[in-house]
Amino acid sequence: MLKVKETYCTISNLLPNTQYEFWVSALNASGISPPSERAVYVTAPSPPIIKSKKIRSCENAALVCWESGDVNPVDSYTVELSKLTDEENGNTITESIVGIPNCEALIHLQPAQSYRICVKALNLAGSSERSEPVLIHTTGTYFCLNEDTAHPLLAILDDGFTIACDELENLECDLPVYDNSFTRCIGILGSLIPFPGKHYWEVEAEEDTEYRIGVAFENTPRHGYLGANNSSWCMRHIITPSRHKYEFLHSGMTPDIRITVPPTKIGILLDYESYRLSFYNADIAQHLYTFNSHFQHYVHPCFALETPGTLKVHTGITVPPWTTLL
């Protein structure tokens, strides 16, 4: 309740996206008048917060996720895109997508471009301020590592794309385990790749590092090993007394393949439309192996270490032309 002498009043510090009722009474020496009719006002929402670690993109689309800062639900959201060029600073909105009911949007984009993307929330009072912008590049497929799936002995380094494990002796460790974490395989999933077409990324490993890399469904068992079931497809590298051994695992089956040049940068090509998952020695453009599988669902990239070491993931890479030469 505020007392003012004027016939107007400014009220501040109201909660965003909230409905208020206001009424006025007049006061003089004889007392207070009955209240006026009540007026209903709604405040505009607060700006959404884009989840930068949840963004996934490819050469022609991006999946952008955000969260609302409001307690009450908003009516809809608007995504604003600015295409960045050498001549422009990106402040000009080139496209708006309106009427989005949920906190995510699949946006179709042009390949080989850079975009600045913001989100606004709307209700009866109007629009919120723009969210903090994020940059998206459509040079290739981009995904992040899902920290909540990581085995407790696996660490994600500051760059967000390098996984490391210092020791594997205490697998029954007392470190916290999330409900979605791997518990036996020292593994982690990348975020889902929900776009049709071709997707390419690379994994860099030291020559003496033992690992498993590939793709897996969301429901792949967390208590088992990648490649040992019918919901994951993996390339495995182990070192035997006589040689570097490479296995290509799905449901635990592997062909007998000898690779003469041990790869330190492995290219992975996922082609949903051709039902193929291919592995390459990216340093010398050498095809290693291809799984032919009809993926019933979209998949996650997956990674695991079998000895102490590191794996570095490279995303946002254009599909190399030599991947078509099988």
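Compute the Cα gyration tensor for region 213-326, then decide on rounded, prolate or oblate, letting a ≥ b ≥ c be the square roots of its eigenvalues: rounded whenever a/c is under 1.5, prolate when a/b is larger than b/c in the other cases, and oblate in all that remain. Intermediate results must be reported in sequence, preceding the final value.
Working: a/c = 1.42, a/b = 1.03, b/c = 1.38.
Rounded, since a/c falls under 1.5.
With the cut-off at 1.5 for a/c, could you classify the chain from its C-alpha gyration tensor as rounded, prolate or oblate?
Details: a/c = 3.39, a/b = 2.28, b/c = 1.49.
Verdict is prolate for the chain.
Which Cα, out of Met253, Gly214, Ala44, lies furthest along the positive dipole direction of the chain (beta carbon charges, K/R +1, D/E -1)?
Looking along the dipole axis, the top candidate is Ala44.
Ranking request for peptides 122-130, 5-13: highest mean number of other beta-carbon atoms within 10 Å first, then the rest in descending order.
Numbers: 122-130: 16.8, 5-13: 6.4.
My ranking of the peptides, most packed first, is 122-130, 5-13.
When Rg is the radius of gyration of the Cα atoms in region 134-289 and Rh is its Kirkwood radius, what does Rg/Rh come to?
Details: Rg = 15.7 Å, Rh = 16.7 Å.
Taking Rg over the Kirkwood Rh, I get 0.94.
Place the peptides 317-324, 263-270 in order of packing, highest mean first, counting for every residue the other Cβ atoms within 10 Å and averaging per peptide. Please report the intermediate quantities before stating the final value.
Details: 317-324: 13.8, 263-270: 20.6.
Result, highest mean first: 263-270, 317-324.
At Met253 and Asn230, where each label point lies 7 Å from the Cα along Cα→Cβ, what is the point-to-point distance in nanometres?
It works out to 1.1 nm between the two label points.
Could you tell me which of Ser232, Gly309, Leu325 has its Cα farthest along the dipole of region 180-326 towards the positive end, charges placed at Cβ (Lys, Arg +1; Asp, Glu -1), taken about the Cα centre?
Most positive-ward Cα: Ser232.
Keeping all protein chains in position, work out how much accessible area Glu306 exposes to a 1.4 Å probe, and write it in Å² to the nearest 10.
Its heavy atoms expose roughly 40 Å² to the probe.
Rounding to the nearest 20 debye, state how big the charge dipole of the chain is about its Cα centre with +1 on each Lys and Arg Cβ and -1 on each Asp and Glu Cβ. Don't skip to the end; give the middle numbers.
Working: 22 positive and 38 negative charges, 125 e Å.
Value, rounded to 20: 600 debye.
How far, in nm, would the chain grow between Glu129 and Tyr275 when pulled straight, counting 0.36 nm per residue and subtracting the alpha carbon separation?
Full extension of this stretch gives 48.2 nm more.
Charges on Cβ only, +1 for Lys and Arg, -1 for Asp and Glu, centred on the Cα centroid of the chain; of Ile193, Leu288, Gly126, which one is farthest towards the dipole's positive end?
Gly126
Accessible area per residue, 1.4 Å probe, Å², for the chain: what's the number?
Details: 17960 Å² over 326 residues.
With all protein chains present, the chain gives 55 Å² per residue.
Could you sort the peptides 21-27, 286-292 by per-residue average Cβ neighbour count (10 Å cutoff), highest mean leading? Please list the in-between numbers first.
Values: 21-27: 10.4, 286-292: 15.3.
For the peptides 21-27, 286-292, the packing ranking is 286-292, 21-27.
Can you give the extra length, in nm with one decimal, that the chain gains between Thr260 and Trp23 once fully stretched, where that is 0.36 nm per residue apart less the Cα-Cα distance?
Values: separation 237, 0.36 × 237 = 85.32 nm, distance 8.32 nm.
That pair, Thr260 and Trp23, stretches by 77.0 nm at full extension.
Could you please put Met1, Met235 in sequence from largest to smallest accessible area, using a 1.4 Å probe?
Numbers: Met1 220, Met235 0 Å².
The most accessible residue leads, giving Met1, Met235.
From a point 7 Å beyond the Cα of Thr240 in the direction of its Cβ, which residues of region 274-314 have a backbone N at a distance under 19 Å?
The answer is 289, 306-307, whose backbone nitrogens lie closer than 19 Å to the label point.
Tell me which lysines have Cα within less than 18 Å of Lys245's Cα, excluding those fewer than 8 residues away on the same chain?
Correct list for Lys245: Lys265.
Using only the Cα atoms of region 261-309, build the gyration tensor, take square roots of its eigenvalues as a ≥ b ≥ c, and label the shape rounded, prolate or oblate: rounded if a/c is under 1.5, else prolate if a/b is larger than b/c, else oblate. Mind showing how you got there, number by number?
Details: a/c = 2.86, a/b = 1.38, b/c = 2.08.
Cα axes put region 261-309 in the oblate bin.
Per q in 0.22, 0.23, 0.28 Å⁻¹, report the Debye log10 I(q)/I(0) for region 281-326, using one uniform scatterer on each alpha carbon and no solvent.
So the normalised log intensities work out to -1.23, -1.26, -1.21.
Please list 3J(HN,Hα) in residue order for region 128-144, calculated via the Karplus relation 6.51 cos²θ - 1.76 cosθ + 1.60 where θ = phi - 60°; whole Hz, with x for glycine and proline.
6, 5, 5, 5, 4, x, 10, 9, 10, 10, 9, 8, x, 7, 10, 8, 10
Over region 143-268, calculate the relative contact order: mean separation of alpha carbon pairs under 8 Å at least 6 apart, over the residue count, as a percent.
Averaging sequence separation for qualifying contacts and normalising by length gives 22 percent for region 143-268.
At a Förster distance of 35 Å, what's the computed FRET efficiency of Ser76 paired with Ser36, Cβ-Cβ distance as r, to 0.05? Write out the running numbers ahead of the final one.
Numbers: r = 33 Å, r/R0 = 0.94.
Rounded to the nearest 0.05, the efficiency is 0.60.
Quick one: if the Förster radius is 45 Å, what FRET efficiency do Met1 and Asp283 give, using the C-beta to C-beta distance and rounding to 0.05? Walk me through the numbers before you get to the answer.
Numbers: r = 74 Å, r/R0 = 1.64.
It comes to 0.05.
What's the magnitude of the charge dipole for region 1-116 around its Cα centre, counting Lys and Arg as +1 and Asp and Glu as -1 at the beta-carbon? Answer in Debye, nearest 20.
Details: 9 positive and 13 negative charges, 86 e Å.
Dipole about the Cα centre, nearest 20: 420 debye.
The values are calculated or read from the model by the stated rules, or taken from the named source; none is laboratory data. None of the values given here were measured: they were computed from a predicted structure. Cβ coordinates were reconstructed from backbone atoms using ideal geometry, including for glycine residues, and neighbour counts include every protein chain displayed. Heavy atoms of the whole protein, side chains included, go into the accessibility calculation; ligands, DNA and RNA do not. Shrake-Rupley method; radii C 1.70, N 1.55, O 1.52, S 1.80 Å.
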